[in-house]
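The values are calculated or read from the model by the stated rules, or taken from the named source; none is laboratory data. None of the values given here were measured: they were computed from a predicted structure. Cβ placement follows ideal geometry from the backbone for every residue including glycine, while neighbour counts extend to all protein chains displayed. Protein only, heavy atoms only, side chains kept; ligands, DNA and RNA dropped before computing areas. Shrake-Rupley method; radii C 1.70, N 1.55, O 1.52, S 1.80 Å.
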Amino acid sequence: MSSPGTSMFTNFTKLCKGLALVLVVGHLVVQFIPATVPYLALIPARTIPFAWNLITSGYFELSVYGVVFSTVSLLFMGKFLEPVWGSKEFLKFIFVVNFLAYLCVFVTAIALYYITRLEIYLYMPFAGFHGVLAGLLVGIKQIIPDQEILLLKIKAKWLPSIMLILSIASSFFTLNSAAYLPTLIFGTYMGWLYLRYLQRRPETKLRGDPSDDFAFSTFFPEFLRPVIDPIALIFHRMLCGRSNATSEDHGYSTSGAPLPGSDSAEASRRRERGARALEERLGTERLVPARNKDELQSDALDSV
């Protein structure tokens, strides 16, 4: 028999359960066989020739707290994102964001070494699923931006920004912040980059989400957006410079701006799918205790 308090901890997807198992097994491996850490974690000085650690570093946690937080966060966020994206796209998102985030961490560590000549940047082990989790928060922002998160009373669209602010603030008081902060920052940016420009939309056969509600400046407070927008436009033109040639086919004007209604309609459909998936999840969780109550009443009548 399920109760309202326990129903929220059920209905996790099979894919998320499998990924959670991978994280747990990965943690156990490095705990019982510490010699595997240099081969699995991203250690910039060893990445060449051990290039596979750009992938493997994201799928195990070095601490017990890390593996518990990562598995729980993955299970809950996957409940909302996987039904909207589909299992294949959900898995692709995780793989791409994890790889790109750790690739950026590698490049940044090498650059910092050449600037500072501190070998700590070359031999510090980077590992953990938190980069992907930061990217999944961006997915939550995209799908249900105006949905208030229970208990926190904060709209979902602000979750990535709040997470980054808290992480940066805590880095001033923790000694090992360099081991997780770059991954969080790059995970957030790569998650947005993928959803903004690369994610394929089966309903329109296009890629990305060009809506104004998902622009890069929406991660910042309103008063900073006039400063952020011109900078973001430079990177937009670098990434989408070839879009002008095929603008008419893709719903864009020759200036690179979306035609009237093209982005807003798609953004509305995406939010509707997210809201519908959220309602279905909440509805399922409410039905479980109600169904158990009916069964109890039926059993009581039968006993009479």
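This table checks each residue for (1) of a type in the set (A, V, I, L, M, F, W, C); (2) at pLDDT 95 or above.
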position: 129; (1), (2): yes, yes
position: 137; (1), (2): yes, yes
position: 144; (1), (2): yes, no
position: 152; (1), (2): yes, no
position: 156; (1), (2): yes, no
position: 168; (1), (2): yes, no
position: 173; (1), (2): yes, no
position: 176; (1), (2): no, no
position: 180; (1), (2): no, no
*Could you grab me the full set of residues in region 190-233 that are without any contact (Cβ under 8 Å) to a residue 60 or more places away in the chain, of a type in the set (Lys, Arg) and open to solvent by less than 60 Å² (accessible area, probe 1.4 Å)?*
196, 225
*Determine which single condition residue 105 fails, assuming it passes every other condition in (1) open to solvent by less than 50 Å² (accessible area, probe 1.4 Å); (2) assigned to a helix (DSSP H, G or I); (3) at pLDDT below 95.*
(3)
*asked:* Going by what's in this entry, would residue 96 be described as touching a His at 6+ places or on another chain (Cβ under 8 Å) and either under 26 Å from residue 140 (Cα atoms) or among the aliphatic types (A, V, I, L, M) (or both)?
replied: no
*Could you tell me which numbered condition residue 66 fails, if it satisfies all but one of (1) at pLDDT below 95; (2) within 27 Å of residue 104 (Cα to Cα); (3) part of a helix (DSSP H, G or I); (4) open to solvent by 60 Å² or more (accessible area, probe 1.4 Å)?*
(4)
*Restricting to region 160-189, what's the tally of residues that are farther than 17 Å from residue 127 by Cα and either crowded, with 19+ Cβ neighbours inside 10 Å or touching a residue at least 24 places away in the same chain (Cβ under 8 Å) (or both)?*
5
*Is it the case that some residue within region 74-97 is touching a strand residue (DSSP E or B) at 6+ places or on another chain (Cβ under 7 Å), open to solvent by 10 Å² or more (accessible area, probe 1.4 Å) and either of a type in the set (A, V, I, L, M, F, W, C) or under 17 Å from residue 23 (Cα atoms) (or both)?*
no
*Positions within region 48-58 being surrounded by fewer than 21 Cβ atoms within 10 Å (Cβ to Cβ) and either in a helix (DSSP H, G or I) or among the β-branched types (Val, Ile, Thr) (or both), in sequence order*: 48, 54, 55, 56
